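Engineer: A single structure is presented below for examination.
The values are calculated or read from the model by the stated rules, or taken from the named source; none is laboratory data. In this text the structure is predicted, and so the values were computed from the model without any measurement. Note that each Cβ is placed from the backbone with ideal geometry, even for glycine, and that neighbours are counted across all protein chains shown. With ligands, DNA and RNA removed, areas are computed over all heavy atoms of the protein, side chains included. Shrake-Rupley method; radii C 1.70, N 1.55, O 1.52, S 1.80 Å.
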Amino acid sequence: MSALKGKIALVTGASRGIGKGTALALGELGCTVYVTGRTVGDGDLTIDTTARGVTAAGGEGRAVCCDHSDDAQIEQLFSTIGGEVDHIDYLVNNVYKIPDPPAWGGGYWDHPIQVWDDQVGIGLRAHYVASWHAAKWMFESEYARMLNVSSPGGQSYHFSCSYGAGKAGLDRLTADMAVELEPKGVPACVLYPGSVATEFIQDHAESQGMDLSQSQTPLLVGRAATVLLMVDDMMSRTGTIQWVEDLVEEFDLYDENGSRPTQRYAARSG
């Protein structure tokens, strides 16, 4: 299927997890997808491997190494893209840095101050910087759409207070960007995945007592992101939070295993 052949997408933080799943889902429909991240090479979790996966799925994957904590590298990313294409149709801000060690449990005073920069600097500020640079290229496309990958942690407690602050900030940023983008005809939405069995979560599932049997796969989240970017009425949804489980039901989506996970977050508002 080549419904998105000729469309140009940028997915940040796509060496693994939701970013990789989104890039592959866009590739399934023939999209040209720029994927970014810091990890390169032939390993399983690199942007080069993701780019090859996009191409194998039916699209065209293009890997660009970028550390999104470095404004100069983000600027260079868009210079690279601008040297190859004259517009961007879809911007998916997904890049995120998990603190090492992860900020799980305890109080904020138990974690290094650096976790703020990891979870808010990368997970919020970097999205603003990428969106700033992307704007002029998106304005060259009559199909331009923006999607920011957030989390239910923006509405209820998950992991740590710095995590929640970053996600709530991203939700507010997107809502306000949507107001400013609307005169340009560019919709912007927030995507809320549910419990997702990313590589990181799978690695920590046993020690954290997690049951992943009903978790969403990264590819299912990616398919939900892709169908949202394609809908004719995305402008009517601009500025809103779109839940993956709702999109799965609305558009009858399935993961790579032919499954539709039933797990939903208990704490939910809106």
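Engineer: Just grab the label-to-label distance for residue 157 and residue 176, each label 7 Å out from Cα along the Cβ direction, in nm (one decimal).
Structural biologist: For residue 157 paired with residue 176, the spin-label model returns 2.7 nm.
Engineer: Loop only per DSSP, at most 16 neighbouring Cβ atoms within 10 Å: give me the trypsin sites (Lys or Arg not before Pro) in the range 1-61, ordered by residue number.
Structural biologist: Sparse-neighbourhood loop trypsin sites (Lys or Arg not before Pro): 5.
Engineer: Would you calculate, for the chain, the mean residue ellipticity at 222 nm contributed by helices, counting each DSSP H stretch of 4 or more residues as -39,500 (n - 2.57) and dividing by all residues, to the nearest 500? Don't jump to the answer; show the numbers that get you there.
Structural biologist: Values: 8 runs with 95 residues, N = 270.
Helix contribution divided over all residues of the chain: -11000 deg cm²/dmol.
Engineer: Once you have the Cα-Cα distance between residue 250 and residue 52, take 0.36 nm times their residue separation minus that, and quote the gain in nm to one decimal.
Structural biologist: That works out to 68.3 nm of additional length.
Engineer: Roughly to the nearest percent, how much of the accessible area of the chain is carbon and sulfur, given a 1.4 Å probe?
Structural biologist: Values: 6150 of 12210 Å².
Of all accessible area on the chain, carbon and sulfur atoms account for 50 percent.
Engineer: Solvent-accessible area per residue for the chain at a 1.4 Å probe radius, Å²?
Structural biologist: For the chain, the solvent-accessible area averages 45 Å² per residue.
Engineer: Same structure, new question: Please compute the modelled spin-label separation between residue 210 and residue 233, points set 7 Å along Cα→Cβ, answer in nm with one decimal.
Structural biologist: Spacing of the two 7 Å Cα→Cβ label points: 3.4 nm.
Engineer: Give me the extension gain from residue 60 to residue 117: residue separation times 0.36 nm, minus the current Cα-Cα distance, reported in nm with one decimal.
Structural biologist: 17.2 nm
Engineer: While we're here: Using the Cα gyration tensor of the chain, with a ≥ b ≥ c the square roots of its eigenvalues, what is the shape: rounded (a/c below 1.5), prolate (a/b larger than b/c) or oblate (neither)?
Structural biologist: Rounded, because the longest to shortest axis ratio a/c is under 1.5.
Engineer: For residue 20, go through the lysines and keep the ones whose alpha-carbon is under 23 Å away, minus same-chain ones fewer than eight residues off.
Structural biologist: 5, 7, 97, 167
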